[in-house]
Amino acid sequence: MNKNLTVSITKENSKPVAKDMFGLFFEDINYGLDGGLHAEMLENRNFEAVLAMGDKDDYHAIYDGGYGWSVYETESYGSSLRYHGKQPLNDVNPHYLVFTGRGPKPAFTNKAYDGIYLKKGMKYTVSFYARPIEGEAEVTVSVVKYGETLAEAAVNLDRDGVAAEFAVTAQETEPADVNTQLEQDESSGDRAGSVWKKYTVTLQAQKDADQADFVVSLSEEGTVAFDQFSMMPEDAVLGIFRRDLVELLQGLKPGFIRFPGGCIVEGNGLANRYQWKLTLGRPEERKFNWNRWAVHNNSSDFGFSGSYAHYGQTYGVGYYEYFLLCEYLGAKPLPVMNVGIGCQFMCHEWVETDSPEMQQYIQDALDLIAFANEPADGKWGAVRAAMGHPEPFGLEYLGIGNEQWQTEEADFFTRYEMFEQAIHDVYPDIKLIGSAGPDVKSEHYRDAWNWIRPAAAVKKNFVYAVDEHYYVRPKWMYDNVHFYDHYDRSVKVFSGEYAAHVPGAGGMNQPQTNNWEAGLAEAAFLTGVERNADVVVLASYAPLFARLGYAQWSPNLIWFNGKSSYGTPSYYVQQAYSLYRGTRTLHADTGLDAAAEAQEKVYCSVTASDDGSVLYVKLVNAGDTEKAVTLTGTDFSVSDYQCIKTVDLKADPAVYNRIGAPETLVPEITEGSEAVGEVKLPAYSFRVLVLEK
């Protein structure tokens with residue numbers, strides 16, 4: 001086997017690289033939002049949880065508002081938790097808790113996923129709505145572990161009937177099939193004129209704590225109604241997002257964020273699809289929705305109920321907050337719209353293309369653009385301004401459908417054409433993202449391109465880019481490094497969801513599948529994506545987040561628990577491509593044909609700054625022996641450049657990061673200028689060279 005290779009670089013036929021080429025795909029899967037990116041620490045905080053069950057074309061949800069809540073007493077004194085809908089805080093989320101406390105200092109607790117994690121000295125804001133019914137008890141909120149109180153604050157409830165100042169708005173939606181079997185009579189001692197009021201207290205952690213208990217207690221016996229609990233750390237980014245997760249996103253310098261999915265856009269059926277308008281306004285008035293991933297992998301073996309049957313969406317982060325996050329990270333927003341089709345893997349549901357309902361789906365897309373881009377005195381611009389952002393967000397991209405494919409009944413192609421016509425009639429500059437279906441191997445993929453290319457040839461702005469997805473074995477990525485070399489350049493590609501799945505990577509909670517074998521294959525495949533930046537204009541790994549012990553999918557880019565988080569080897573591959581991205585491609589030729597390349601297992605790409613003064617050379621050695629590579633220029637002299645930085649990732653393919661060892665594999669960065677000579681590539685390595693003239 002040849003151990004000495006020459007890479008010849010030429011500036012001929014240089015192609016532009018999109019400034020925002022490498023970005024993020026976010027979906028609320030693996031408890032990535034509730035329980036993850038949203039800094040909210042409590043679970044089922046609004047008592048709207050449901051138990052989601054069923055199988056394809058037959059899903060339903062049973063109200064289970066007490067999920068995650070329980071009486072917290074060492075002895076039984078007869079305290080009880082009941083869930084009501086008679087005198088709600090609002091009509092959008094109508095259920096609430098009535099706690100009847102008996103005995104000394106009665107209390108209840110929240111599961112908080114796997115418990116409360118505290119940092120010593122950190123302050124936490126706890127809020128809730130309450131309505132006293134019986135007794136004069138003071139309410140204390142605390143965090144407790146093994147009987148020790150680690151943080152605590154108390155508040156006296158207002159019994160003068162001062163109303164909370166908020167509008168009760170019943171927003172239109174298509175609710176899930178929820179069985180609302182509730183107790184309708186709260187107590188014979190219900191106070192006349194008793195009203196809801198919001199209370200806020202601050203807890204300060206006296207010490208670090210893992211998996212502690214969140215406790216709400218009464219100073220004496222009594223009955224109190226509660227709703228809309230919240231516990232947020234003081235370091236939450238924008239008061240919304242979990243800081244360590246946002247910092248990991250910042251480390252990627254994403255050019256865009258695609259949100260909110262993913263299959264979650266479609267729903268298991270249209271009833272629980274994502275409806276962006278229901279995520280606006282005050283958090284307590286955002287209608288709870290059960291999560292499409294709550295029924296993932298359901299089977300008859302477990303009564304068609306899975307491990308995460310209570311997985312829900314409280315929408316503490318909605319479209320407005322997604323736009324804020326994009327702005328904070330300097331990433332362009334790329335929201336995705338439902339086209340009137342439920343998830344095609346999970347159901348056979350759609351609205352007819354000639355129905356009034358279909359027109360509403362299209363109007364929702366038009367209204368979203370107005371919400372993002374209208375001045376503050378427009379109808380939807382005023383809604384945005386009222387939420388705190390008078391200036392437009394500057395939306396450029398919009399996804400039409402998730403990974404839809406054509407069927408005779410659902411007819412995705414017609415739907416896309418309807419959306420495209422309506423949107424571009426009003427907003428001709430919006431860049432629309434189409435879909436090539438769920439893979440790049442099937443007839444769905446071929447049918448999509450056979451429709452898109454002729455349509456795009458007739459209408460210039462028919463589509464900006466077509467979303468392609470591939471979850472594949474590492475071997476596929478090596479075999480398809482040249483996948484885009486011969487693509488028709490007339491229509492661009494969005495590599496919207498990709499990841500290398502090592503054998504056994506499917507399923508839940510397997511962080512070990514995010515190993516270097518997967519990351520190295522992705523690094524090799526991305527050399528081909530980057531070389532073909534004139535056709536691939538956007539790219540994002542998927543999925544983004546996974547909470548340990550709560551994941552429906554493996555692998556993922558970032559794993560975390562309630563306390564800490566880490567980037568996987570795949571994370572650092574994505575980071576290298578994002579941070580060390582030139583503005584133009586240069587052709588790099590190893591002189592190897594496909595068979596020789598597969599034997600040598602060396603892959604490369606080169607980009608440059610506009611003026612050519614900086615080169616970014618990416619080299620992958622997927623083989624088990626060291627390789628030597630010499631860089632030469634065919635129309636310029638490589639010796640005119642100095643290597644000012646080297647970024648190295650190298651390890652045994654089985655190596656992976658984990659909570660206890662989050663930096664097992666991280667980039668080794670070497671700074672300093674040296675002449676460009678022969679480059680040594682260790683076995684199983686990915687190297688980035690930054691060369692400067």
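Looking across Leu24, Leu51, one residue alone is within 18 Å of the chain's Cα centre (by Cα) and either on the phi > 0 side of the Ramachandran plot or not aromatic (Phe, Trp, Tyr) (or both). It is Leu24.
Do you know which of the residues in region 301-337 that are polar (S, T, N, Q) and under 19 Å from His38 (Cα atoms) is surrounded by the most Cβ atoms within 10 Å (Cβ to Cβ)?
Thr314
Got at least one residue in region 13-20 being surrounded by fewer than 24 Cβ atoms within 10 Å (Cβ to Cβ), more than 30 Å from Tyr471 (Cβ to Cβ) and either of a type in the set (Phe, Trp, Tyr) or touching a strand residue (DSSP E or B) at 6+ places or on another chain (Cβ under 8 Å) (or both)? So far as region 13-20 goes, yes, one or more of its residues are surrounded by fewer than 24 Cβ atoms within 10 Å (Cβ to Cβ), more than 30 Å from Tyr471 (Cβ to Cβ) and either of a type in the set (Phe, Trp, Tyr) or touching a strand residue (DSSP E or B) at 6+ places or on another chain (Cβ under 8 Å) (or both). Within region 456-502, being under 30 Å from Gly306 (Cβ atoms) and acidic (Asp, Glu) holds for Asp467, Glu468, Glu497.
So that you can scan it fast, the table gives a plain yes or no per residue for (1) on the phi > 0 side of the Ramachandran plot; (2) among the charged types (D, E, K, R); (3) modelled with pLDDT of 95 or more:
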| residue | (1), (2), (3) |
| --- | --- |
| Gly378 | no, no, yes |
| Arg384 | no, yes, yes |
| His389 | no, no, yes |
| Gly401 | yes, no, yes |
| Asp425 | no, yes, yes |
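Got a sec? Which of Ala551, Ala505 is within 23 Å of Ser307 (Cβ to Cβ), buried (at least 24 other Cβ atoms within 10 Å of the Cβ) and of a type outside the set (Phe, Trp, Tyr)? Answer to the check: Ala551.
Going through region 136-146 one residue at a time, which ones are surrounded by fewer than 17 Cβ atoms within 10 Å (Cβ to Cβ) and at pLDDT below 95?
Glu136
With respect to (1) over 30 Å from Val573 (Cβ atoms); (2) within 34 Å of the chain's Cα centre (by Cα); (3) of a type outside the set (A, V, I, L, M), the lone exception for Glu73 is condition (2). Out of all the residues in region 80-91, is one or more of a type outside the set (S, T, N, Q), buried (at least 22 other Cβ atoms within 10 Å of the Cβ) and under 29 Å from the mean Cα position of the chain (by Cα)? Taking every residue of region 80-91 in turn, none turns out to be of a type outside the set (S, T, N, Q), buried (at least 22 other Cβ atoms within 10 Å of the Cβ) and under 29 Å from the mean Cα position of the chain (by Cα). Taken together, the criteria place Val655 among residues that are at pLDDT 95 or above and more than 27 Å from Ala18 (Cα to Cα). For region 669-693, name all the residues that are farther than 21 Å from Gln575 by Cα, among the aliphatic types (A, V, I, L, M) and touching a Cys at 6+ places or on another chain (Cβ under 7 Å). Answer for region 669-693, where residues must be farther than 21 Å from Gln575 by Cα, among the aliphatic types (A, V, I, L, M) and touching a Cys at 6+ places or on another chain (Cβ under 7 Å): just Val676. Only one of the numbered conditions (1) in contact with a strand residue (DSSP E or B) (Cβ under 9 Å, 6 or more places away or on another chain); (2) at pLDDT 95 or above is violated by Met346, and that is (2). Checking the stated criteria, Gly340 turns out not to satisfy the condition of being touching a Lys or Arg at 6+ places or on another chain (Cβ under 8 Å), modelled with pLDDT of 95 or more and surrounded by fewer than 24 Cβ atoms within 10 Å (Cβ to Cβ). You will find that of Glu408, Glu374, the residue that is of a type in the set (Asp, Glu), surrounded by 15 or more Cβ atoms within 10 Å (Cβ to Cβ), without any contact (Cβ under 8 Å) to a residue 40 or more places away in the chain and farther than 19 Å from Val336 by Cβ is Glu374 and no other. Among the residues making up region 355-389, those that are of a type in the set (D, E, K, R) and not in a loop (DSSP other than H, G, I, E, B) are Glu357, Asp364, Asp367, Lys379, Arg384. The condition of being basic (Lys, Arg) and closer than 30 Å to Val246 by Cα holds for only one of Lys86, Lys111, that being Lys111.
Can you name every residue in region 279-294 that is more than 25 Å from Trp553 (Cβ to Cβ) and part of a helix (DSSP H, G or I)? Residues satisfying the conditions are Pro283, Glu284, Glu285. The criterion of at least 2 residues that are under 21 Å from Val535 (Cβ atoms) and of a type in the set (S, T, N, Q) is met by none of the helices (runs of 4 or more DSSP H) wholly inside region 390-485.
Going by what's in this entry, would Gly281 be described as touching a residue at least 12 places away in the same chain (Cβ under 8 Å), touching a strand residue (DSSP E or B) at 6+ places or on another chain (Cβ under 8 Å) and either under 19 Å from Phe323 (Cβ atoms) or not assigned by TED's automatic domain parsing to the domain that holds Tyr31 (or both)? So Gly281 fails the test.
Cβ-Cβ below 8 Å, separation at least six or inter-chain, first residue in region 385-404 and farther than 27 Å from Trp449 by Cβ, second among the aromatic types (Phe, Trp, Tyr): which pairs? Listed pairs, sorted by first residue: Met387/Tyr320; His389/Tyr320; His389/Phe323; Phe393/Phe323. Exactly one residue out of Val216, Val224, Val237 is aliphatic (A, V, I, L, M), modelled with pLDDT of 95 or more, surrounded by fewer than 21 Cβ atoms within 10 Å (Cβ to Cβ) and more than 21 Å from Leu395 (Cα to Cα), and it is Val237.
Each row is one residue, and each column tells you yes or no for (1) closer than 30 Å to Tyr96 by Cβ; (2) in a loop (DSSP other than H, G, I, E, B).
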site	(1), (2)
Val195	yes, yes
Lys198	yes, no
Val201	yes, no
Ser217	yes, no
Phe226	yes, no
Ile257	no, no
Ile264	yes, no
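Reported count of residues in region 477-514, each being touching a residue at least 24 places away in the same chain (Cβ under 8 Å) and either of a type in the set (Lys, Arg) or under 22 Å from Pro543 (Cβ atoms) (or both), is 26. Among the conditions (1) buried (at least 18 other Cβ atoms within 10 Å of the Cβ); (2) under 30 Å from Ala588 (Cβ atoms), Asp488 misses just one, which is (1).
The values are calculated or read from the model by the stated rules, or taken from the named source; none is laboratory data. Since the model is a prediction, treat every value here as computed from it, not as a measurement. All Cβ positions, glycine included, derive from the backbone under ideal geometry; neighbour counts span all protein chains shown.
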